[in-house]
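What follows is a short report on a single structure.
Nothing in this text is a laboratory measurement; each read-out follows from the coordinates by a stated rule. Please read these numbers as outputs of a predicted model, since none were measured by experiment. Here Cβ is always computed from backbone atoms with ideal geometry, including for glycine, and neighbour counts include all displayed protein chains.
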Amino acid sequence: MNINIEIPTSLEEITLSQYKRFLNIQKQTEESHFLNAKAIEIFCDIDLKDVMRLKVADFNIITNKINLLFEQKPKLVQTFKLENVHYGFIPQLDDMTLGEYIDIDTYIGDWENMEKTMNVLYRPIVSKIKKRYAIKEYDVNTSDALLDMPLSAVLSSIFFLWNLGNDLSKTILKYLEAEQGTNLMQSQTLTENGVGINQSTRYLTEILNGLKISLN
């Protein structure tokens, strides 16, 4: 029996919602053959019964191709198109509001709610001049729209924030001092209590390690 399978060639062809589905299955079992079969089912968008009809050699080839996608070091995806809407990565992190930062810090380590983090980082582009663009004001109620965003953007932004950890921490401390009247000692207390970027950086490291993405 011939089975036509479209194997994704990049993480752009895998959505956040697909990856979340796979992670939920991964929580339930560690059996490698079944997990690989579910990966093919989800990422190649075919029925599991058809996956089971594959020759072992073909099954292994497809599995290896999918695994290789997650071993690449991602470069930040600044813009992407979803449902005829162009989204852009937040242009100026130092312009981030306290509310936006808190939502990132709250959900960055939670794959169940990763779209909420992405909803802060990627927003519809409202104007653009050459490579410069402005994005829509943050709306906490629009996160579900990003469930079908490309996984390449998700992972690249996580990797970007991991690299930016120390700089972002300094930015947030300066913001708290300037806008909230919080002195440096109080700000440091916030980060030590798990509210700041230090905790998020640990989450990001765990996420990246789990994906086998090189941190070097």
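Results, tabulated for the structure shown:
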quantity	calculated
Qualifying residues in region 3-20 (those that are buried (at least 16 other Cβ atoms within 10 Å of the Cβ) and of a type in the set (D, E, K, R)) - the one farthest from the chain's Cα centre (by Cα)	Glu13
Filtered residues of region 4-38 (kept if over 24 Å from Met114 (Cα atoms) and among the aromatic types (Phe, Trp, Tyr))	Phe34
Residue check for Val85: under 23 Å from the mean Cα position of the chain (by Cα), among the aliphatic types (A, V, I, L, M) and loosely packed, with under 13 Cβ neighbours inside 10 Å	yes
Criterion (of a type in the set (Gly, Ala, Ser), surrounded by 20 or more Cβ atoms within 10 Å (Cβ to Cβ) and more than 15 Å from Leu146 (Cβ to Cβ)) met by exactly one of Ala57, Ala39	Ala39
